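To start, the structure under review is shown below, and the notes come after it.
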Amino acid sequence: MLRGSLFERLRGTYSKTSISDDEVLYSSIVNNLSNLLSSNIGNAQTVPNYGKVDLNNIDLSPTASQKHIESELRNSINIFEKRLINVKVSVLKNRYDVSTMSIFIDGQFSIKGEMFDITIKAKIHGDGSIKVQK
């Protein structure tokens, strides 16, 4: 199995260690989701719908805004991270720090016919910075 995606191999950011295939794929998916969530829709010149949706939904109620963000993120992940299936996205806003949002992404990926569960947590801060972790 190739170690990392094409772009990871071109940039030299793929794993060269002897970790298992599922860990390599897991890390590659986390890396791709980090890139996806760090971009805003409209910023990628070659793919205009690449990135996360605008998180400032002032015209929607808090509940409707949360559902909209979850739906749009799930759609983006389904389009740009085809290795993940059965994707579920949950958005939680921090009631003590309204400028911070936690996103939980659950899904599955397959290696040689065996299914593996994956859960990824992303934390988006008010300044636009994002941290994605396993």
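I want to confirm something. Restricting to segment 73-100 and keeping residues that are assigned to a strand (DSSP E or B) and open to solvent by 20 Å² or more (accessible area, probe 1.4 Å), which single residue is farthest from Leu25 (Cα to Cα)?
So the residue we want is Lys93.
Go through segment 1-35 and count every residue that is at pLDDT 70 or above and either touching a strand residue (DSSP E or B) at 6+ places or on another chain (Cβ under 7 Å) or open to solvent by 70 Å² or more (accessible area, probe 1.4 Å) (or both).
The number of residues fulfilling the criteria is 8.
Six or more apart or on different chains, Cβ atoms under 6 Å: show the pairs whose first residue is in segment 116-129 and over 17 Å from Glu70 (Cα atoms) and whose second is open to solvent by 60 Å² or more (accessible area, probe 1.4 Å) and assigned to a loop (DSSP other than H, G, I, E, B).
From segment 116-129, the pairs are Gly126/Ser99.
Out of (1) closer than 19 Å to Asp54 by Cα; (2) open to solvent by less than 20 Å² (accessible area, probe 1.4 Å), the odd one out for His125 is which?
Here His125 clears every test but (2).
Could you look through segment 103-134, keep only residues that are over 13 Å from Asn32 (Cα atoms) and part of a loop (DSSP other than H, G, I, E, B), and pick out the one that is modelled with the highest pLDDT?
Residue satisfying both the conditions and the ranking: Gly113.
The values are calculated or read from the model by the stated rules, or taken from the named source; none is laboratory data. Note that this is a predicted model, so its numbers are computed, not measured. As a convention, Cβ positions derive from the backbone with ideal geometry for all residues, glycine included, and neighbour counts pool all protein chains shown. Accessible surface is based on the protein model in full, side chains and every heavy atom, while ligands, DNA and RNA are left aside. Shrake-Rupley method; radii C 1.70, N 1.55, O 1.52, S 1.80 Å.
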